[in-house]
1. So which residues in segment 32-56 are touching a helix residue (DSSP H, G or I) at 6+ places or on another chain (Cβ under 6 Å) and of a type in the set (A, V, I, L, M)?
2. Being of a type in the set (Asp, Glu) and either surrounded by 24 or more Cβ atoms within 10 Å (Cβ to Cβ) or within 16 Å of the ligand (Cβ to nearest atom) (or both) is the filter here, so list the residues in segment 257-287 that pass it.
3. Tell me yes or no: at least one residue of segment 127-147 is within 23 Å of the chain's Cα centre (by Cα), in the same structural domain as Ala48 (by TED's automatic domain parsing) and part of a strand (DSSP E or B).
4. Inspect segment 340-357 for any residue being surrounded by fewer than 18 Cβ atoms within 10 Å (Cβ to Cβ), away from the ligand (no atom under 11 Å from the Cβ) and closer than 21 Å to Ala195 by Cα and give the result as yes or no.
5. Counting just the residues of segment 398-447 that are among the acidic types (Asp, Glu) and surrounded by fewer than 19 Cβ atoms within 10 Å (Cβ to Cβ), which one comes out farthest from Gly357 (Cα to Cα)?
6. Going by the conditions given, is Leu222 of a type outside the set (D, E, K, R), closer than 26 Å to Arg204 by Cβ and within 16 Å of the ligand (Cβ to nearest atom)?
7. Among the residues of segment 358-406, count how many are within 16 Å of the ligand (Cβ to nearest atom) and among the hydroxyl-bearing types (Ser, Thr, Tyr).
8. From the list Thr272, Thr291, which residue is in contact (Cβ under 8 Å) with a residue 12 or more places away in the chain, under 17 Å from Gly186 (Cβ atoms) and hydroxyl-bearing (Ser, Thr, Tyr)?
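The values are calculated or read from the model by the stated rules, or taken from the named source; none is laboratory data. Everything numeric here is computed off the predicted structure, so don't read it as measured data. No Cβ is skipped: glycine too gets one built from the backbone with ideal geometry, and neighbour counts run over all protein chains shown.
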Amino acid sequence: MDLVLVGLSGSGKSAVGRRLASRHKAAFVDLDDLVERRTGRSVQTIFAEEGEAGFRSHEYEAVVSLGPANTDARLRRVIATGGGTVIDPRNRWLLYRGRFPVWLDGAPEILATRLARSANVRPLVAGHDPLARLQQLASERRRFYAPALQISGTAALDSIMRTLESRLAEGPSTAVTVLRADTAIGRIEIGYGIAATAVSSALRRGEARRAILLAEPRTWELAGAQIAAALEADGWPVERILLPRGENAKRLHVIEETCRALAQLHVDRKETLVAIGGGALTDAAGFAAATYLRGVPIIHVPTTLVGQVDAALGGKTAVDIPEGKNLVGAFHQPVAFIADVSFNATLPVRERRAALGEVVKMAALGDDRLLEVVEESGEAYARGDAEPIESGAVAEMVERCAWAKVEVVTADAREANVRMTLNLGHTIGHGVEAAAGYKEILHGEAVAYGLRGAFAISLALGLVTMERAERVKLLLDRLGLGIEPPEVTRESVIEHMATDKKHSLGRLNWILPTDTGVVIRSDVPDSAVEAGVTAALRGAPHAASATQTRSETGVP
Ligand SMILES: NC(=O)c1ccc[n+]([C@@H]2O[C@H](COP(=O)([O-])OP(=O)(O)OC[C@H]3O[C@@H](n4cnc5c(N)ncnc54)[C@H](O)[C@@H]3O)[C@@H](O)[C@H]2O)c1
């Protein structure tokens, strides 16, 4: 087994690591030393010459060089990381999966005193007020350390050693949690194989007396049944309520039936529901939770990529009525959002690909690393390969999208201002979906047309460079998104986009991409909007090698 020590500078990772390794005749690896050996330069010199970004890339290479986790039951290697190693999602995936991560936690006040006595220069703390800097780092990094077993690093060394050794027999888990955070919009957990344990602990935190699981037939078969079995094995009485599959769950009569089932189970106001499914299921179950007894807590366990990067997070719930999609709903934040990326393995290719439309949108909002991840792994994921799930690429996509959404929604839960930016690509996208009657086109596919249109408008207004626009366009082409011109007319798309037909289209709040993010504009000339819609509907037929066809859908 490999044990990995994480925590802030000064938390004692090296001292504890050396002692533990020597007591167990295991190898000791200090990641900073490894970087220094590999580069022939000191950490301080690397920071001075290449800045933090340069150091982080050497650090990532050093993590990769550790190779696969040791599977021996005995402790073979103790790895002490740098304080910021786990900022990079790739490092967390590599260091936490199959290894035993331990977080040496400590109050910044104590760590600051220790650092003042230490001869080691810590580049990220040096030159700042050490206490203020450590407090800031502690709050920024908590979510990255929190998946590891938390031990006080400021206790006496012997006591730390006793605590650690008493837990060694637990060994590494087959699951991996890469992020755990308590936020203003609920607990966020992201990982692989984590669903049942995370649900169990969320129920325990809510002092639940039973697990009331809401799913639909397919997600019950693929995820719900195994979660139920694990919960039962953990001692939870389990109740199950099945809603219809897909968009059919988002009907008012389904909400009535769901609430009646809850009433028949005598569910009271303090009881927590658990929704297991894609965006349609979490939207419907979330709406039932928002309204039953005027609101009961709910845990979302999204099983699709759309659910994990978007739908299950942020508290928007809704059902459809014949007059329109999502017209009846409520804001209701889940108490926990548990994204288990292992569920992606069974997703049909068309669902995967369409979801990437939303991921590209999140990247276009200004996350260049996310753009890179999709450029590197998007095609393989869209093809249905397991590799992007097993390599951590999907976990990184989910983390980047989910965390960006957490930040935006925390600032603006009810979409008064910044949350609006999440609608990039959605104005034209919704127009395309509506013009197509919400048939034959998935939401993420429509967003891809919308993104093409939004970039065309930005180009016309000089808001974005051709280079940036081409980069995103090429990515959409490679992913096979928004390629075939949809079977809708420009006029019908424009008609559906305008909330009021007499209203000038240019006066809508347009979210328009720039090279680094987006701007909101309500002064777009109608001619630019029309050109944007034309560009969106043109698609990219010459790039049609990976076009969407119904034959590969697997969609009901
Ligand atoms: N609330 C929000 O903020 C928000 C945001 C985006 C989308 N949405 C809503 O989400 C819905 C779309 O979500 P979706 O794309 O997840 O669709 P979905 O819930 O209909 O699921 C798509 C299909 O995948 C199946 N499925 C689910 N998990 C699976 C798995 N792990 N393996 C194999 N198949 C699986 C489902 O049975 C279904 O047939 C729409 O109704 C949309 O309005 C809501």
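1. Leu34, Val35, Val43, Ile46
2. Residue satisfying the conditions is Asp283 alone.
3. Looking through segment 127-147, none of the residues is within 23 Å of the chain's Cα centre (by Cα), in the same structural domain as Ala48 (by TED's automatic domain parsing) and part of a strand (DSSP E or B).
4. no
5. Asp412
6. Answer is yes for this residue.
7. 1
8. Every option except Thr272 fails the conditions.
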